[in-house]
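S.K.: Sharing a structure here in structure tokens format.
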Amino acid sequence: MPQTTTPSELPSIDAARRNRLLKDVLKGVSRSFYLTLRILPKPLREPIGLAYLLARTADTIADRRQARFTGARLEALVAFRAQVAGPVDSGVLEDITSNSLDSESSPEEQALFDSLVDSFALLESLDAADQDQVRRVVITLTEGIEMDLTVFPDANSGALAALPNGADLDRYTYLVAGCVGEFWTAVTAAHTLSLKGLDLAAMSELGVRFGKALQLTNALRDIPGDLRNGRCYLPADELAAAGLSPEDLLDSASEERAREVLVPWIRMALEHFEAAEEYLLAIPRRSVRLRLACLWPLILGLGTLARLARSGKWLDSDSTVKVSRIWVYRMMLMSFPTVCSNRDLRRWIRGFRRQVERSI
């Protein structure tokens, strides 16, 4: 029978293990987010980096290849969420680690789960406010992952299902990304003096839409791959109104009819990016690091949306809509001389918006 521990009994985490978690382990599971984390002011790196690691752990549990049945993955996800809520049971952490790794696991996944106890030790070492924010956002994110597991069939089943309606898609984008905007706002405000005078409630609402913009862009970009894994995020009622079923989208010949559903959601993503722009420009110009950490995902998201809109190949499984690594590095270099100028930022963002609008 596994031994149960209380949070206070978790091993303390020293500087070397903290550093390994937030550098080596995190870099292994997300190179792009790792760059964002490194540009953040130092007090923000632990709560935000840890939240990402825990969310990535939950996502890996839900995607684990050796669990052929959705029920097994859902059970493991619920067990993990209980650990995040606390108190921590070391036996459960050991079970989660052993059940989530196999011969097909990558070295990066191995490192992620081998560091699971350290992740929870780091969580318990945060101050009470940061702990609460990390727990809250990770629990919400797991609810989004659970929605994926319960709404859609197993990827190996050969079946295909769609979200019922637009409200479900909006809720999904909140659960898996919009909630991060709330979290980001609360944590950055708590650790950044220059944000104290802002209307945090308004910023939080903009932050939610910022997250939704990024997730909706991902969902639109990934339509062909998701369809072949049994998942259609485009609402079933809107497809039906256009005379389409989710299965019709597997044929790229349906692209023209699918525009009736796709284009309004591209426009919705653009509207969310307007809120993201407001969020970015509300950050005081002297908070350069925080501005950069928001600017990079905004430009990356808009650049991806523009490329998707220009391609017109929204259902073609052979078409890859993705910005190159060179594009990302060039964008980052361009960001340094522009980040403090609201005028230059508006011009840069407006250029991407126009690319999308001209293409749809």
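The values are calculated or read from the model by the stated rules, or taken from the named source; none is laboratory data. Predicted model only: the values in this text are computed from it and were never measured. FYI the Cβ positions are ideal-geometry reconstructions off the backbone, even for glycines, and counts take in every protein chain you see. The protein model used for the area step is the full one, side chains on, heavy atoms only, and it has no ligands, DNA or RNA in it. Shrake-Rupley method; radii C 1.70, N 1.55, O 1.52, S 1.80 Å.
S.K.: Return the calculated 222 nm mean residue ellipticity for the chain, to the nearest 500 deg cm²/dmol, obtained by summing -39500 (n - 2.57) across DSSP H runs with n ≥ 4 and dividing by the residue count.
M.R.: For the chain, the value works out to -22000 deg cm²/dmol.
S.K.: Let me ask something additional. Pop out the Kirkwood hydrodynamic radius of region 39-142 from its pairwise C-alpha distances, inverse of mean 1/r, in Å to one decimal.
M.R.: When all Cα pairs of region 39-142 are included, the Kirkwood radius is 14.0 Å.
S.K.: Got a sec? What order do ARG171, ARG353 fall in by accessible area at 1.4 Å, biggest, i.e. largest, first?
M.R.: Largest accessible area first, the residues go ARG171, ARG353.
S.K.: Follow-up. Positive end of the dipole of the chain, charges at C-beta (+1 Lys, Arg; -1 Asp, Glu), about the Cα centre: which of ASN342, LEU216, PRO11 has its Cα farthest in that direction?
M.R.: ASN342
S.K.: In whole percent, and with a 1.4 Å probe on the protein chains, what portion of the accessible area of region 173-234 is carbon and sulfur?
M.R.: The C+S portion of the solvent-accessible surface of region 173-234 is 54 percent.
S.K.: Leaving out same-chain residues fewer than 8 places away, which aspartates and glutamates sit with a Cα under 19 Å from that of LYS313?
M.R.: ASP222, ASP226, GLU247, ASP248, ASP251, GLU255, GLU256, GLU260, GLU357
S.K.: Once label points are set 7 Å from the Cα along Cα→Cβ at both ASN342 and GLU357, what is their separation, rounded to one decimal in nm?
M.R.: Label-label distance for ASN342 and GLU357, simple model: 2.0 nm.
S.K.: Right, something else. Taking Cα centroids, how far is region 51-127 from region 341-360 in Å?
M.R.: Computed from Cα coordinates, the inter-centre distance equals 40 Å.
S.K.: Over the C-alpha atoms of region 305-360, what are the Rg and the largest Cα-to-Cα span, Dmax, in Å?
M.R.: In Å, with Rg to one decimal and Dmax whole: 13.6, 40.
S.K.: Can you spot the aspartates and glutamates whose alpha carbon is less than 16 Å from LYS196's alpha carbon? Ignore those fewer than 8 places along the same chain.
M.R.: GLU182
S.K.: To continue, here is another question. Roll a 1.4 Å probe over the protein chains and send me the accessible area per residue for region 237-339 in Å².
M.R.: Solvent-accessible surface per residue comes out at 47 Å².
S.K.: To continue, here is another question. Order the following by accessible area, largest value first: LYS313, LYS322. Probe radius 1.4 Å; ligands, DNA and RNA are ignored.
M.R.: Final ranking, largest accessible area leading: LYS322, LYS313.
S.K.: With Kirkwood's inverse mean 1/r over C-alpha pairs for Rh, give me the Rg to Rh ratio of the chain, two decimals please.
M.R.: 0.97
S.K.: Which lysines have a Cα less than 18 Å from the Cα of LYS27, not counting those fewer than 8 places away in the same chain?
M.R.: In chain and number order, the partners are LYS42.
S.K.: For region 90-191, what is one quarter of the convex hull surface built on the Cα atoms, given in nm²?
M.R.: For region 90-191, averaging the hull's shadow over all directions gives 8.7 nm².
S.K.: Give me the Kirkwood hydrodynamic radius of region 233-360, using the inverse of the mean 1/r over all pairs of distinct Cα atoms, in Å to one decimal.
M.R.: Result for region 233-360 stands at 16.1 Å.
S.K.: Counting Lys and Arg as +1 and Asp and Glu as -1, what is the net charge of the other residues whose Cβ lies under 15 Å from the Cβ of GLU260?
M.R.: -2
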